[in-house]
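The values are calculated or read from the model by the stated rules, or taken from the named source; none is laboratory data. The structure presented is a predicted model; accordingly, all values stated were derived computationally and were not measured. Neighbour counts run over all protein chains shown; Cβ positions are idealised from the backbone, glycine included.
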Amino acid sequence: MTNKIDTEESRKKIGFVKKLSDWNRQPAIFDDHTLKIDGHPVMEDWEDGYMKKLADITTFKGGDVLELGYGMGISTRYIQNNKSVKSHHVVECHPDVVIKCINDFREEINESKMHVLSGFWQDITPKLKDGSFDGILFDTYPLTEEEIHSNHFWFFEEAYRLLRKGGVLTYYSDEVKQISSNHMLKLKTAGFHEINFEVCKVNPPKDCLYWQDDTIVAPIIIK
């Protein structure tokens, strides 16, 4: 059984903003276990093990890392803990989440171990040079109905441009046990041909609105 119909219906029921800029006017509400914005469960702490796996994939070559979407900062912490990482840039669009990121990692930012780029990735990444990164982790939240289960698709070509040869892309896949043919087609169209993955065990709560399976795919996409 897949969770996709339930997720789509729950996100549609909550509703989406009419303009992307309206998203940033909604308060980001953090508690010990969740991040919610405009009624949407953007992130929950059951994702910890999965975020660690994505961070491990992103940093397996060390070097220069780009992370898109801060959320609760789970993967950010794991990336920062990897001593082989030379530079770490985080792109985050929501002003409240940016403030939380800065407060969480003030020391690392002051020491230039981390750099925060505030804005939507569509506005930020075109300003970055080709072949700038050894690893990229993409985990932004879908902000339109069209993006549900597919918001990463629009980033694949940009990821290919930004990665150095041999660099790795991973992302929150929204897939249960394997990379689907649709994902394969989008990745290959973007230029990727070395496409692998690991299946991670997860344990979301029964009332989780966006994931109800006990596994999720961690993509390992090499340029």
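Filtering the stretch 166-193 to residues that are surrounded by fewer than 17 Cβ atoms within 10 Å (Cβ to Cβ) and of a type outside the set (S, T, N, Q) leaves G166, K177, M184, L185, K188, G191, H193.
Inspect all residues belonging to the stretch 44-60 and state whether any of them is within 14 Å of G167 (Cβ to Cβ), in contact with a strand residue (DSSP E or B) (Cβ under 9 Å, 6 or more places away or on another chain) and surrounded by fewer than 18 Cβ atoms within 10 Å (Cβ to Cβ). Yes, the stretch 44-60 contains a residue that is within 14 Å of G167 (Cβ to Cβ), in contact with a strand residue (DSSP E or B) (Cβ under 9 Å, 6 or more places away or on another chain) and surrounded by fewer than 18 Cβ atoms within 10 Å (Cβ to Cβ). Count of the stretch 135-151 residues, restricted to those that are part of a loop (DSSP other than H, G, I, E, B), buried (at least 19 other Cβ atoms within 10 Å of the Cβ) and either among the polar types (S, T, N, Q) or modelled with pLDDT of 80 or more (or both), is 4.
Identify all residues within the stretch 80-134 that are surrounded by fewer than 18 Cβ atoms within 10 Å (Cβ to Cβ), in a loop (DSSP other than H, G, I, E, B) and within 15 Å of the chain's Cα centre (by Cα); write none if there are none. Answer for the stretch 80-134, where residues must be surrounded by fewer than 18 Cβ atoms within 10 Å (Cβ to Cβ), in a loop (DSSP other than H, G, I, E, B) and within 15 Å of the chain's Cα centre (by Cα): just G119. Within the option set C208, C200, being of a type outside the set (A, V, I, L, M), under 21 Å from G71 (Cα atoms), at pLDDT below 95 and touching a helix residue (DSSP H, G or I) at 6+ places or on another chain (Cβ under 9 Å) holds for one residue only, C208.
For N196, the conditions (1) surrounded by fewer than 19 Cβ atoms within 10 Å (Cβ to Cβ); (2) among the polar types (S, T, N, Q); (3) over 19 Å from K53 (Cβ atoms) all hold with the exception of (3). From the list K12, K4, K18, the one residue that fits, being basic (K, R), on the phi < 0 side of the Ramachandran plot, at pLDDT below 90 and in contact with a His (Cβ under 7 Å, 6 or more places away or on another chain), is K4. Residues of the stretch 152-176 that are more than 10 Å from the chain's Cα centre (by Cα), at pLDDT below 95 and not aromatic (F, W, Y): D174, E175, V176. Looking at the structure I just gave you, is D64 within 27 Å of E198 (Cβ to Cβ), in contact with a His (Cβ under 7 Å, 6 or more places away or on another chain), among the charged types (D, E, K, R) and modelled with pLDDT of 95 or more? Taking the combined requirement at face value, the residue does not satisfy it.
Among the residues of the stretch 29-42, what is the count of those that are under 12 Å from Y210 (Cα atoms) and either basic (K, R) or at pLDDT 95 or above (or both)? The total comes to 0. Residues of the stretch 167-218 being outside any loop (DSSP other than H, G, I, E, B), free of Cβ contacts under 8 Å to residues at least 60 places away in the same chain and touching a strand residue (DSSP E or B) at 6+ places or on another chain (Cβ under 6 Å), which ones? Those that are outside any loop (DSSP other than H, G, I, E, B), free of Cβ contacts under 8 Å to residues at least 60 places away in the same chain and touching a strand residue (DSSP E or B) at 6+ places or on another chain (Cβ under 6 Å): L169, L187, E194, I195, N196, F197, V199, T215, V217. Kindly evaluate K186 against the criterion of being over 23 Å from G62 (Cα atoms), among the basic types (K, R) and in contact with a helix residue (DSSP H, G or I) (Cβ under 7 Å, 6 or more places away or on another chain). So K186 fits the description; yes.
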